[in-house]
Amino acid sequence: MSSENEKLYKKRLTRIQNAINHEPVDKIPCIYMGVAFSPRYMGMTQKQFCMDPAVSMDVTIKAMKRLGDGIDGINSMAFGMITMGLTAMWLSKVLTPGIELDDEALWQVAEKEVMTVEDYDFIINNGYEAFFGKMLPQVCDMEMFGKNMAWVEANLTTIKDNYQSAGYPVISAGATSIPFEALCGARSMNQFFFDLYRIPDKVQEALEVCLPFIIESGKGFCKAAGVSGTWVGGWRSASAMLAPDLWDRFAWPHIKKICIELIEDGITPVLHWDQDWTRDLARLLELPAKKCVLNLDGMTDIRKAKEILNDHTAIMGDVPPATLAAGTPEDVRNYIKDLVHDIGPKGLLLCPGCDAPLNTKPENMEAFVAACNEFG
C-alpha cells in the first residue's frame, strides 16, 4: 500500500468507526454497494463477473476508483462467485448468467421444495452441518461450488488487503443470518410458512439446533477474513412478512442471540434488513448500544428508525434501488440532502438501499457520491 493510500485508509476507517459509535465526524461516510452494477459500469458481462471468482473483487475496486475520491468504504466486500454464496446461504438454487440465463441477466433464485417435513427430524438428530451437506447437492452445481470454495480458501486472508491497499475499509465480511432464512429457502416459502402453524414445536426445535453452528461459522469467517463486521441478513423474516407472535417466536430471539454473541466476540453486526421492519424497530433497544449498524433498503421507515433508536444504533442507507434505476441525478441529490437533514449528521452512513441494482444509471451512482460529498 502506498503511504498516501495508507493515510487515506486510516482517515476513512476512523470516519466510519466514529459514525458507528455516534461520535462526531468530519464528513458523513459514503459507503459503496453495487454488486451487479460494478461489472456493468466497467463494461464487463454478468457472466464473467459470476463465473470467475477473482473478477468480482477486481472489478468492484475499479468501479469504486472510477466513481472518485468521495467513497469512504464498501458495505460488504465483493469476492468469489456470487451465485455460489447465495445458494449456500439460502439453500435455494440460484440461476447463473451465462449458464441458465443470458450473459447480461441478473442472477435469479429458482426456489423449489427440496426439504421435506421429515428433514426437521434429520436436523434435530444430525445437526445443521449434516443437513447442509444433504441439501446443497440438490440446489447447487457442486463442481462450481468446489471451484469457488478452493479460490476463497486460497485468497480469503488477502481479499480485505486488496480493498485496504486501494484505500477502502471493508465494513462487512460475508453474511450470516438466522436459521429461519436457510430453512425457508430449502423448504420453500409457501411450505415453511405453513409449517410455522402446522408443526411449530418441531420447527422451533430444528431452528434451535441450527443456530450454534451458524453463529460459529459467521464468527470464523470474519476472523479468517480479518474484518470486524458481518451482515446479519433478514429477508423473509421481516416484520412485514410475519405475524407478531410468529416473529417473536421464530425470528427475534435468534437475531438477538446472533448479534449478542458477535458483539461479545468483537464483531459488529450489520443488520442488513430488506423488506419492512418498521413494526419491530424498538426491539433493537434490547441490543447493546452503539454496537450494531441498521442497514436498510428503503422499505423500512428510516425516519421512524431514527426517532426510536436515536443515538442507540447507527443507521446505514438507504437510497432506494428504484431511485437509482429510474430516477434522475437530481432525485438522488435531493434524497441524500433530505436524509442528511433528517437522520444525520451523527450515527449515519450513506449507502444505496440494500444494493445498487444492475440497471442503476451511471449518472445516478455518480450523483450519489457527489451528493454525499456535498451534504455529508
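Every number in this text was worked out from the coordinates using simple rules, so none of it is lab data. None of these values were measured; they are calculated from a predicted model. Every residue, glycine as well, gets a Cβ built from its backbone with ideal geometry; the counts of neighbours run over all protein chains shown.
Observations, loosely collected:
- The alpha carbon centroids of the stretch 324-361 and the stretch 289-308 are separated by 14 Å.
- Across 329, 200, 97, mean-square fluctuation computed from a Gaussian network of the chain (C-alpha pairs under 10 Å connected) peaks at 200.
- Comparing 229, 70, 266 in a Gaussian network model of the chain, where Cα atoms under 10 Å apart are tied by springs, the biggest mean-square fluctuation is seen for 266.
- Placing dummy labels 7 Å off each Cα toward the beta-carbon, the span from residue 10 to residue 286 is 4.2 nm.
- DSSP beta bridges in the chain [antiparallel fraction, %, rounded to 5]: 10
- Sorted by Cβ density within 10 Å, fewest first, the residues 278, 300, 14: 14, 278, 300
- Estimated inter-spin distance, residue 322 and residue 342, nm [label 7 Å along Cα→Cβ]: 1.5
- Among the listed pairs 7/219; 7/93; 62/93; 134/291, those beyond 32 Å (Cα-Cα): 7/93; 134/291
- Maximal additional length on extending the residue 245-residue 330 stretch stands at 26.4 nm, based on 0.36 nm per residue less the C-alpha distance.
- Footprinting exposure proxy for 96, 45 (fewest neighbouring C-beta atoms within 10 Å first): 45, 96
- Calculated Cα extents along the principal axes in Å (choose from (i) 56, 44, 38; (ii) 64, 46, 38; (iii) 59, 48, 47), label: (i)
- Per-residue Cβ neighbour counts within 10 Å put 99, 343 in the sequence 99, 343, beginning with the fewest.
- For peptides 79-91, 207-219, sequence by mean Cβ density within 10 Å, most packed first: 79-91, 207-219
- 14 Å cut-off, amide nitrogen to a point 7 angstrom out along residue 109 Cα→Cβ, residues in the stretch 244-280: 273-276
- Annotation: amide H-H contacts under 5 Å for residue 295 (H modelled 1.01 Å from N, sequence separation of 5 or more, or interchain): 271, 272, 273, 316.
- Taking 4.7 Å between beta carbons as the limit, the unpaired Cys residues of the chain are 50, 140, 184, 210, 222, 259, 292, 351, 354.
- For the stretch 111-155 and the stretch 165-218, distance of Cα centres in Å: 13
- Couplings for the stretch 216-233, taken from phi via the Karplus curve 6.51 cos²θ - 1.76 cosθ + 1.60 with θ = phi - 60°, read 5, 5, x, 4, x, 5, 4, 5, 5, 7, x, 10, 9, x, 8, 5, 10, x Hz in order; Gly and Pro are left as x.
- Centre separation in Å (Cα based) which lies between the stretch 262-278 and the stretch 22-47: 19
- The label-point distance for residue 125 and residue 23, in a model that sets each label 7 Å from Cα toward Cβ, rounds to 5.4 nm.
- Among 21, 75, 155: highest mean-square fluctuation, GNM of the chain, C-alpha pairs under 10 Å: 155
- Hits among aspartates and glutamates - C-alpha to C-alpha of residue 27 under 14 Å, sequence gap 8 or more where chains match: 69, 72, 374
- Between the helical axis of 362-375 and the longest alpha-carbon principal axis of the chain there is an angle of about 70 degrees.
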